[in-house]
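The values are calculated or read from the model by the stated rules, or taken from the named source; none is laboratory data. All figures in this text were calculated on a predicted structure; none of them were measured in a lab. All Cβ positions, glycine included, derive from the backbone under ideal geometry; neighbour counts span all protein chains shown. SASA here: full protein model, heavy atoms, side chains in, ligands and nucleic acids out. Shrake-Rupley method; radii C 1.70, N 1.55, O 1.52, S 1.80 Å.
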Amino acid sequence: MSSIRFSPTLRRNLTGYAFVLPWLVSLIVFTAYPTLASFYFAGTEYTLLNPPRWIGLQNFKVMFDQDPLFWKSVGNTLYYVLLSVPLQLGVGLGLAVLLNAQVRAIGIFRTIYYLPALVPAVAAGLLWYVLLDPRMGLVNAGLELIGLPRLGWLRSPDWAMPGLVLIAIWGGSGSAMLIFLAGLKDIPASLLEAATIDGAGALRRFWHVTLPLLSPTIFFNLLISIIASFQVFATALAVAAAAGGSGDVGPLNALLVYMVLLYRNAFRYFQMGYASAMALVLFLVLVVITLALARSSSLWVYYEGGSRR
């Protein structure tokens, strides 16, 4: 019998498919299938102990009309997103501008400011829980040194969410800074030099040259930060677990963000159908936000040559 002979092109293709196959199987088994399955489970009553039973839109009716914790988590999450995203981007952009200078040992400072982004979310939450301790924390000690009163932070219903935002700024600004820094490096020096020759000061160069050319990077960072902020989970759960106490997530559920409520419904109460419905709502919200940002980008995002998309 003659052996099967493959052409060189087919052999190269089969080799490439063989290398891609493990990733493709992982994508289908651990990402695509769970995602599609959750769309079905969103319309079922499913507790893991019994087979899913189709109930249509009942989960959504309970979610919007009968579950007060749902709206509490939505309010907390929106508060977190609206506060943390602008602050993370602002701090990241400011650090990037400062660290874009060509001075000796600038790489060391870039590394130092990026290091918090490498700290795992749970470790960051526990670290800041200690730092923000109302009685023994270093943050309140610093506030006292400058004549400000001590704050309750993560143990206070009014200050728990600002404390979580502070943790987000510390941990998330480094990643934004790194991306902004790459965008700043891509701006042609000749444009800044031309603006200087025309008499533009540092502020005018930044506003009229740097920001427009940096707008694609701002758009990317904004989109990624919004998506990540809506899915904040580990840090809030870690600081709430460190606080102990009742079943609330933080004082009076002040740290009950959307993903924590979804997690509790899925893995504490085993209401997989209801949790899948919550996941579907979050997915649709993020799709709408992404599409809205993409459509609005034509008004403020500038690409090379000053063109817009």
Highest-first arrangement of 141-147, 162-168, where packing means the average Cβ count within 10 Å | 162-168, 141-147
Rough spin-label spacing in nm, given labels placed 7 Å along Cα→Cβ, for Phe39 and Thr196 | 5.5
Which far-off residues, 5 or more places away or on another chain, put their amide H under 5 Å from the one on Thr44, with H placed in the peptide plane?
-> Ile55
Mean accessible area per residue over region 112-249 (1.4 angstrom probe, all protein chains present, square angstrom) is 52
With the dipole of the chain defined by +1 on each Lys or Arg Cβ and -1 on each Asp or Glu Cβ, the option from Thr35, Leu237, Leu69 whose Cα lies farthest towards the positive pole is Thr35
Packing-based ranking, highest mean first, of 225-231, 260-266, 187-193 given that Cβ atoms within 10 Å are counted | 260-266, 225-231, 187-193
Using a 1.4 Å probe over the heavy atoms of the protein chains, calculate the carbon and sulfur portion of the accessible area of the chain as a whole percent.
-> 69
Mind putting a number on the dipole of the chain about its Cα centre? Charges go on the C-beta only, +1 for Lys and Arg and -1 for Asp and Glu, and I need it in Debye to the nearest 20.
-> 680
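Using the Kirkwood radius over C-alpha pairs as Rh, can you work out the diffusion coefficient of region 96-191 via Stokes-Einstein at 25 °C, viscosity 0.890 mPa s, in µm² per second? Write down the numbers at each step before the final one.
Working: Rh = 15.4 Å.
Estimated via Stokes-Einstein, D reaches 159 µm²/s.
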For labels at Leu284 and Asp158 in the simple 7 Å Cα→Cβ model, what's the distance in nm?
-> 3.8
Between Val62 and Leu98, Cβ-based FRET efficiency (R0 45 Å, step 0.05) works out to 0.35
Which labelled figure in (i) 43, 22, 21; (ii) 38, 35, 20; (iii) 36, 21, 20 is semi-axes √(5λ) of the Cα gyration tensor in Å, once derived from the coordinates | (ii)
Using only Cα atoms, locate the centre of region 56-70 and the centre of region 11-35, then give the distance between them in Å, rounded to an integer.
-> 37
Whether region 1-154 is rounded, prolate or oblate, judged on the alpha carbon gyration tensor where a/c under 1.5 counts as rounded = oblate
Hey, can you list the DSSP H helices of the chain whose Cα span along the axis is 20 Å or longer and whose average Kyte-Doolittle score is at least 0.5?
-> 8-27, 68-99, 160-185, 211-230, 272-300
